[in-house]
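Worksheet for the structure shown next.
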Amino acid sequence: MEHNPQREHYLKIHDEYSAHYYDDTSAIYREQIIYETLFRGVDLDGATIAELACGDGVNSEALLNRFPKAKTVGFDISSKACREYQRRIGATAVEIDLIEPIEPGHEVFDAAMIVGGLHHCVLGLETALNNISKLIKPGGGLLLCEPNADFVLESLREYWYKKDRYFEQESENALHHDEIYRMVAHKFKLVDVTYIGGPAYFIILNSLILRVPLRLKRFLLKPLMFIEKYYNSMSGKKLSPSFIAHWIRR
């Protein structure tokens, strides 16, 4: 397998990424929009969960707030992110490249989640999906949240990926949910998929990409979140820049 440029890229932008995606306003967006959908209808209390592309652990923290009897393990390509995960969560974090085949005999989990990480694996997407399937017990759930390649403005996003230093264009891209599901339909059963993302998705959650100052986000949060909830209730695959899916390991 070729060298994965995502490792160096994430190390370069880690601090700026953390400042914008893990600030208070982004936390509110994740809590009210992403997590409300991601964890809907699941009970993970007492379960072991692998968080893939775990970053600094904010998603595991949200999971544990909802399911305090759960146990999480983080996996990330960045050693710095793994250290931050261990500091924040007080749990194990393993440095791993998902596009490299994992060793046989690895620990398997009751469930796994990956939030904004799978689209960084396009250089070895099939291998990454195969690795994920190996980490989940039969009957276990996989929770995903990723950018949606069926979005009507996808061509603009692709152009932005090429020009913006915060993207590593050769090794990341938005994903077609139905396409990636077909790749592993023999291993997973689809429970549901929901398409989300309005103005707050871009201005609040993705403020780093649009260069929105952190102070300004605080003033924009309330009106944009009001619009976001109504927008999400009416939009669909073509009008949403992101999707959230729940699969079950066969």
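Structural descriptor for the chain: relative contact order 22 percent, calculated from alpha carbon pairs under 8 angstrom and at least 6 residues apart. Equivalent-ellipsoid semi-axes for the chain (Cα gyration tensor, √(5λ), whole Å, largest first): 25, 20, 20. Across ASP24, ASP192, ASP76, mean-square fluctuation computed from a Gaussian network of the chain (C-alpha pairs under 10 Å connected) peaks at ASP192.
In terms of its C-alpha gyration tensor, region 111-250 comes out prolate, because a/c is 1.5 or above and the ratio a/b outweighs b/c.
The stretch between LEU190 and ARG218, if pulled fully straight at 0.36 nm per residue, gains 6.4 nm over its current Cα-Cα span.
The ellipsoid that matches the Cα gyration tensor of region 82-156 has semi-axes, each √(5λ) in whole angstrom, of 24, 17, 13, with the longest given first. Considering the chain as a Gaussian network with a 10 Å cut-off on Cα pairs, which listed residue, LEU144, LEU156, LEU38, attains the greatest mean-square fluctuation? Its mean-square fluctuation being the largest, the pick is LEU156. At an R0 of 45 angstrom, the distance between the Cβ atoms of MET234 and LYS71 translates into a FRET efficiency of 0.70. Give me P(r) over region 31-128, computed from all C-alpha to C-alpha distances, binned every 10 Å, as integer percentages. It works out to 16, 49, 32, 3, in whole percents. Rolling a 1.4 Å probe over the protein heavy atoms of the chain, with every protein chain left in place, gives an accessible area that is 55 percent carbon and sulfur.
Placing R0 at 35 angstrom, the Cβ-Cβ distance between GLN32 and HIS106 gives a FRET efficiency of 0.50 after rounding to 0.05. With the chain treated as a Gaussian network of Cα nodes joined by springs under 10 Å, which of ASP23, ASP56, ASP110 yields the largest mean-square fluctuation? Maximum among the listed residues: ASP23.
Principal-axis analysis of the Cα atoms of the chain puts helix 154-163 at an angle of about 90° to the longest axis.
Dipole orientation for the chain: of the candidates CYS54, PHE39, CYS82, PHE39 has the Cα lying most toward the positive pole (charges on Cβ; Lys, Arg +1; Asp, Glu -1). How far is helix 214-234 tilted, in degrees, relative to the longest principal axis of the Cα atoms in the chain, given as a value from 0 to 90 rounded to the nearest 10? Orientation of helix 214-234: about 70 degrees from the principal axis. Excluding ligands, DNA and RNA, the accessible surface per residue across the chain is 47 Å² with a 1.4 Å probe. So which aspartates and glutamates pass the test for LYS137, namely a Cα distance under 15 Å, with those fewer than 8 places away in the same chain ruled out? Reachable aspartates and glutamates: GLU51, GLU107, ASP110. Over the residues of the chain, the helix contribution to mean residue ellipticity at 222 nm works out to -11000 deg cm²/dmol, using -39500 (n - 2.57) for each DSSP H run of at least 4.
Remark: spin-label model distance GLU16-GLU158 equals 2.5 nm, labels positioned 7 Å along the Cα→Cβ axis. If only the Cβ of Lys and Arg carry +1 and only the Cβ of Asp and Glu carry -1, the dipole of the chain around its Cα centre is close to 640 debye.
The values are calculated or read from the model by the stated rules, or taken from the named source; none is laboratory data. These numbers were taken from a predicted model, which means no experiment stands behind them. Cβ sites come from the backbone with ideal geometry, for glycine too, and all protein chains shown count toward neighbours. What goes into the accessible areas is simple: the full protein's heavy atoms, side chains included, and nothing from ligands, DNA or RNA. Shrake-Rupley method; radii C 1.70, N 1.55, O 1.52, S 1.80 Å.
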